[in-house]
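Accompanying notes for the structure given below.
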Amino acid sequence: MKVLGIESSCDETAAAVLEDGKLLSNVILSQLDVHRKYGGVVPELASRAHVQAILPIIREALNEAHLGREAIDGIAVTYGPGLIGSLLVGLNVAKGMAAVLDKPLIGVNHIEGHIFANSLDHPEMDLPFLALIVSGGHTQLVDVQDWGKYAIVGKTIDDAAGEAFDKVAKLLGLGYPGGPEINRLAKTGDPDFVKFPRAWMGADNLNFSFSGLKTAVLNYVESKSDEFKQKHLADIAAGFQQSVVDVLIEKSRKALVRLGYKTMALAGGVARNSALRKAFLKMGEQNNLTIYLPDYDFCTDNAAMIARAGEFYFQRGQTSTLDLDADPSLKLPANYPKGAEA
């Protein structure tokens, strides 16, 4: 089965072709140059850029796969969550292609796509497992009971981890996006130079909160001279990053114990962070756990993960109708435990 995946939920325009689990192409066009001068994604500019790029990107993905569009057996497309204007571009193109080519369509939850990204490199993944999704818009601990069956056991109550990285990078005067800049700078810093707070929120609480950490960094920076800040910029970045990593690690460890699982997977853009990847691998070694890390190309938004999730649902005989609408607030099907309400 040959599946065309289309992703346009935020500021990457992407298309990929997957055949029976084998990735034939994976094309991604970033809009960083469009949004960098604004310090963040501008929704209207994002949707306009998608309109210009979507068809050429799909053609490139088909060309790299050495396939004509008629050879595609199904089309998988992100329909939420994300920016409504961006989502509509990819979704409407996918629906148009499905109608013209008389091919089945499947709408894919973007967050579920991130979970499936791990199976692109690790098709042998054992179920069930715990997934930690960390990105600019989401920080969630997900009990993956089976493919397509999920329960959220922890989530952010304010800023997502990636959002905190971007905001702290901005107040430190670093570039956008902030995550890669802090990761790069922190490699030369001392994570123990300044001890920023960790929001544990109680021994049994698996939810996350990073807004207080962001405020703590702001207050610390404002209390220091410009000379001090420039001298210790790497140390401040390292201290902030270590605080985020410590919380993600400890909450994940507690969730694994609670669920009784020995397998875990990272997902989302922040899963590219070298300190986070190293810490999870160390946790796995110390606790005899199996840790899955997605390839760097499959951490950030991409269409390969959408094609993989779509392939799964097509194989189960599930499809979407052409009246499928974008849902910018789409959530995973989930059972929320006490203290982690939706």
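Considering Thr263, Thr300, which residue is β-branched (Val, Ile, Thr) and modelled with pLDDT under 95?
After applying the criteria, what remains is Thr300.
Tally the residues that are under 17 Å from the mean Cα position of the chain (by Cα) and surrounded by 22 or more Cβ atoms within 10 Å (Cβ to Cβ), restricting the search to the stretch 124-149.
Of the residues in the stretch 124-149, 13 are under 17 Å from the mean Cα position of the chain (by Cα) and surrounded by 22 or more Cβ atoms within 10 Å (Cβ to Cβ).
Which of (1) farther than 20 Å from Tyr313 by Cβ; (2) among the small types (Gly, Ala, Ser); (3) outside any helix (DSSP H, G or I) is the odd one out, the single condition Ala49 does not satisfy?
With (1) farther than 20 Å from Tyr313 by Cβ; (2) among the small types (Gly, Ala, Ser); (3) outside any helix (DSSP H, G or I) applied to Ala49, the lone miss is (3).
When the stretch 271-320 is examined, which residues are found to be part of a strand (DSSP E or B) and either at positive phi or among the β-branched types (Val, Ile, Thr) (or both)?
Thr290, Ile291
Somewhere in the stretch 80-98, is a residue surrounded by fewer than 24 Cβ atoms within 10 Å (Cβ to Cβ), over 17 Å from Ile306 (Cα atoms) and not β-branched (Val, Ile, Thr)?
yes
Criterion first (farther than 24 Å from Gly39 by Cα, buried (at least 16 other Cβ atoms within 10 Å of the Cβ), aromatic (Phe, Trp, Tyr) and in contact (Cβ under 8 Å) with a residue 60 or more places away in the chain) does Tyr261 satisfy it?
When the stated conditions are applied, Tyr261 passes them.
Which of the residues belonging to the stretch 1-60 are closer than 21 Å to Asp102 by Cα and among the small types (Gly, Ala, Ser)?
Gly5, Ala15, Ala16
Could you list all residues from the stretch 254-270 that are over 18 Å from the mean Cα position of the chain (by Cα) and assigned to a strand (DSSP E or B)?
Thr263
When you scan the stretch 197-206, how many residues do you find that are more than 25 Å from the chain's Cα centre (by Cα) and among the hydrophobic types (A, V, I, L, M, F, W, C)?
Total satisfying the criteria: 1.
Which of the residues spanning the stretch 240-258 are over 15 Å from Gln140 (Cβ atoms) and polar (S, T, N, Q)?
The answer is Gln241, Gln242, Ser243.
The values are calculated or read from the model by the stated rules, or taken from the named source; none is laboratory data. It should be emphasised that the depicted structure is a prediction, and the values quoted were computed from it without experimental measurement. Positions of Cβ are generated from backbone atoms using ideal geometry, with glycine treated the same way; all protein chains shown enter the neighbour counts.
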